[in-house]
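Take a look at the structure below.
The values are calculated or read from the model by the stated rules, or taken from the named source; none is laboratory data. In this text the structure is predicted, and so the values were computed from the model without any measurement. Here the Cβ is made from the backbone with ideal geometry for all residues, glycine too, and neighbour counts use every protein chain on show. Accessible surface areas use protein heavy atoms only, side chains included; no ligands, DNA or RNA. Shrake-Rupley method; radii C 1.70, N 1.55, O 1.52, S 1.80 Å.
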Amino acid sequence: MPYDVTCDITAGPLVLPGVRGSVGAVYSEHRTEKPGYGAAVELPAVLALLAAVETGEITAAQAQATFTPFLVRLEEYDREMDDRMARYDYS
């Protein structure tokens, strides 16, 4: 079962309040080994970060770091799901 995540994200001077995301919901078949596999973040927030990078308001590293709360929650979700799956005997 996916979880919704809402948090304020900050990149340098840029603050985006109440950014929505979901963990455990979006699994691309192509980027399975990349950080964030299984997570989604609202597109308007991503576009705002890209625009701020383009104008030099923030760096790309600052923009990338804003997603840390979503990555942390995704790691928690993955551990929880692994624990649940381990409790079931599929034989």
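Values for this structure:
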| quantity | calculated |
| --- | --- |
| Every pair of residues 6+ apart whose Cβ atoms lie under 6 Å, when the first sits in the range 35-60 and is closer than 18 Å to A25 by Cα and without any contact (Cβ under 8 Å) to a residue 60 or more places away in the chain while the second is surrounded by fewer than 15 Cβ atoms within 10 Å (Cβ to Cβ) and of a type in the set (S, T, Y) | G38/Y27 |
| Number of the exception - E75 against (1) assigned to a loop (DSSP other than H, G, I, E, B); (2) of a type outside the set (A, V, I, L, M); (3) without any contact (Cβ under 8 Å) to a residue 12 or more places away in the chain | (1) |
| Residues located in the range 11-49, provided they are farther than 13 Å from F70 by Cα and among the polar types (S, T, N, Q) | S28, T32 |
| Selection from the range 42-56 of residues that are open to solvent by less than 70 Å² (accessible area, probe 1.4 Å) and either in contact with a Phe, Trp or Tyr (Cβ under 7 Å, 6 or more places away or on another chain) or farther than 17 Å from V5 by Cα (or both) | A48, L49, A51, A52, V53, G56 |
| The one condition in (1) under 15 Å from the mean Cα position of the chain (by Cα); (2) free of Cβ contacts under 8 Å to residues at least 12 places away in the same chain that A63 fails to fulfil | (2) |
| Pick from the range 20-42, criterion of a type outside the set (S, T, Y) and out of contact with any helix residue (DSSP H, G or I) (no Cβ under 9 Å at 6 or more places or on another chain), ranking: nearest to I9 (Cα to Cα) | E42 |
| Single match in T32, T66, T59 (criterion: among the β-branched types (V, I, T), open to solvent by less than 90 Å² (accessible area, probe 1.4 Å) and over 23 Å from D4 (Cα atoms)) | T59 |
| Single residue of the range 12-43 satisfying the filter (in a strand (DSSP E or B) and closer than 18 Å to I58 by Cβ) that is modelled with the lowest pLDDT | V41 |
| Residue count, the range 47-72 (criterion: assigned to a helix (DSSP H, G or I) and either under 12 Å from A11 (Cβ atoms) or in contact with a helix residue (DSSP H, G or I) (Cβ under 7 Å, 6 or more places away or on another chain) (or both)) | 13 |
| Criterion: touching a helix residue (DSSP H, G or I) at 6+ places or on another chain (Cβ under 9 Å), open to solvent by 40 Å² or more (accessible area, probe 1.4 Å) and not aliphatic (A, V, I, L, M) - qualifying residue of P2, P17 | P2 |
